[in-house]
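Here the structure is laid out as structure tokens; the discussion comes afterwards.
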Amino acid sequence: MRLSAKVLVIGGGPAGATAARFLADSGVNVILLERNPSFVKPCGGGVPLSAFEEFSIPKALIKKEVEIIRMVSPMGERLDIELRAGSLAIVERWEFDRALRNKAEEHGTKVIEGEFIRILGYKPYKVEANIGEAKAEIVSEYIIAADGVNSKVRTALGIKSQAFFTASERIKGVKTDFCEFWFGSSHAPNFYSWVFPTADGVSAGTGSFKIGNVGVLFERFMERRGIKSEGQKRIYRLPIWKGNLYNKDKIIFAGDSAGQVMPLAYEGIYYAMKAGEFAAGAIIEGKADNYKKMWKARFQKRFTLMNKLRNYFLKDDDSAERLVVLHKRPEVQETSMKLWLRKDSSRESVKDYIRLFGKFLS
């Protein structure tokens, strides 16, 4: 079997599906190759409500709207922050990703269930894929590698990456009205633990640099939070942002494959969709290198700033305690909401953040 398109998108999550939709909207011939349409990624499912309008996503996909974030310090101090002028929408990832793929298909994308195997040739690219029981060769001028944290395209090119390890579980019968962020080295060294509401309970989890102890850390957090595990936890990798992977010639990396997860907050869905939009825009312009320029112009300062804050505030319990105390200040809350929730891209919002946190960034 031999297929061809101007663009081959590998991976049908938020980055890949968004890129495919923007490309198809502009009349570009695009194939989206998704390995497992029924895959459910372990994820809290938090998306800023503003993203639904920005990307024309049906709000019927929203299972919960969260209007308060709860921060809990290592010493147990609780701080509830109201999400003024915005809210956080909670979605089911399998349903959300499927809706994005369906939208791409409606706009003209050819969506195929199949698995990337290897790159057979260049200029144009020739990709070997498994589609059902058959081998296929897909020829394209561009490739968008949106195939996640375990990107096979990245591996095929010999590009290494770094990642955290997370342990999480969906638990029914437990209720929270908040998105909870729990800090403490006993269960989340250099990270945080979380409890997010879902349609029928909560999603709870924690993270670590070391896969060997993430299960123990998860058990400690569940005990601290007072939630009984149902024994269904899942271990998954979460990429670490380095800001050094954008494109290799006409192969563009978007979303988790490029590590585009916001440091400190570890939010990825919105930035994956923006990466898909930028990747499509660069291809439409006929200049793959423009993707890096678009990303850096919009997000580089923000990600660099948050990475420095992560290195400071998550280095030990005393620093994490300080992070919670700082967020008692109304001006810190407002600046954080502008930057994180409302996605204010103005220079002023970043400057305000630097002004408030500058003494911790040296």
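Nothing in this text is a laboratory measurement; each read-out follows from the coordinates by a stated rule. None of these values were measured; they are calculated from a predicted model. Cβ sites come from the backbone with ideal geometry, for glycine too, and all protein chains shown count toward neighbours.
Brief remarks on what is shown
- The C-alpha atoms of the chain define a longest principal axis, and helix 14-25 lies at about 40 degrees to it.
- Using the Karplus relation 6.51 cos²θ - 1.76 cosθ + 1.60 with θ = phi - 60°, the per-residue 3J(HN,Hα) values for the stretch 188-205 come to 8, x, 6, 8, 9, 9, 9, 9, 10, x, 10, 4, 10, x, 9, 10, 10, x Hz, with x marking Gly and Pro.
- When only the Cβ of Lys, Arg, Asp and Glu is charged (+1, +1, -1, -1), the dipole of the stretch 303-360 relative to its Cα centre reaches about 240 debye.
- Listed residue (184, 38, 13) projecting farthest to the positive dipole end of the chain, Cβ model: 184
- Put a plus charge on the Cβ of each Lys and Arg, a minus charge on the Cβ of each Asp and Glu, and nothing anywhere else: the dipole of the stretch 150-200 about its Cα centre is then about 360 debye.
- Net charge in the neighbourhood of residue 142 (other residues with Cβ under 14 Å of its Cβ; Lys, Arg +1, Asp, Glu -1) is +2.
- Candidate cross-link partners of residue 296 among the lysines, defined by an alpha-carbon separation under 25 Å and a same-chain spacing of 8 or more, comprise 152, 160, 242, 248, 250, 274, 287, 308, 338, 343, 351, 359.
- Here the peptides 208-214, 32-38 are ranked by packing, the mean other Cβ count within 10 Å, and the order with the highest first is 32-38, 208-214.
- The label point for residue 95 and the one for residue 354, both projected 7 Å from the Cα toward the Cβ, are 4.2 nm apart.
- In this calculation the C-beta distance from residue 160 to residue 190 is compared with R0 = 30 Å, giving a FRET efficiency of 0.90.
- Cα Rg, Dmax (largest Cα-Cα span) when computed across the stretch 230-311, Å: 14.0, 51
- Stretchable slack from residue 265 to residue 150, in nm (0.36 nm times residue separation minus alpha-carbon distance): 39.3 nm
- Per-residue extension of 0.36 nm, minus the Cα-Cα distance of residue 36 and residue 126, leaves a gain of 30.3 nm for this segment.
- Of the residues 96, 168, 275, the one whose Cα sits farthest toward the positive end of the charge dipole of the chain, with +1 on the Cβ of Lys and Arg and -1 on the Cβ of Asp and Glu, is 275.
- Helix-only CD estimate at 222 nm, as mean residue ellipticity for the chain, using -39500 (n - 2.57) per DSSP H run (n ≥ 4): -9000 deg cm²/dmol
- Label-to-label distance, residue 284 versus residue 60, with points set 7 angstrom from Cα along the beta-carbon direction: 2.7 nm.
- For the chain, a simple Cβ point-charge model (Lys and Arg +1, Asp and Glu -1, everything else neutral) yields a dipole of about 940 debye relative to the Cα centre.
- Each of 337, 304, 323 was placed along the dipole of the stretch 303-360 (beta-carbon charges, centred on the mean Cα), and the one lying farthest toward the positive end is 304.
- The chain: translational diffusion in µm²/s, Stokes-Einstein, Kirkwood Rh over Cα pairs, 37 °C, 0.692 mPa s: 156
- The packing ranking of peptides 57-63, 68-74, 164-170, 134-140, highest mean first, is 164-170, 68-74, 134-140, 57-63, where packing means the average number of other beta carbon atoms within 10 angstrom of each residue.
- Computed from the C-beta positions of residue 249 and residue 228 and an R0 of 51 Å, the FRET efficiency is 0.50 to the nearest 0.05.
- 3J(HN,Hα) couplings calculated from phi for the stretch 324-335 with the Karplus curve 6.51 cos²θ - 1.76 cosθ + 1.60 (θ = phi - 60°) are, in sequence order, 5, 4, 4, 7, 6, 6, x, 5, 5, 4, 5, 5 Hz; Gly and Pro show x.
- Computed over the stretch 164-251, the ratio Rg/Rh where both radii use C-alpha atoms and Rh is Kirkwood: 1.08
- Gap separating the Cα centres of the stretch 181-205 and the stretch 247-302, nearest whole Å: 27
- Average projection, convex hull of the Cα set of the stretch 303-360: 3.7 square nanometres.
- Gained length - residue 322 relative to residue 297, 0.36 nm times residue gap less alpha-carbon distance: 5.9 nm
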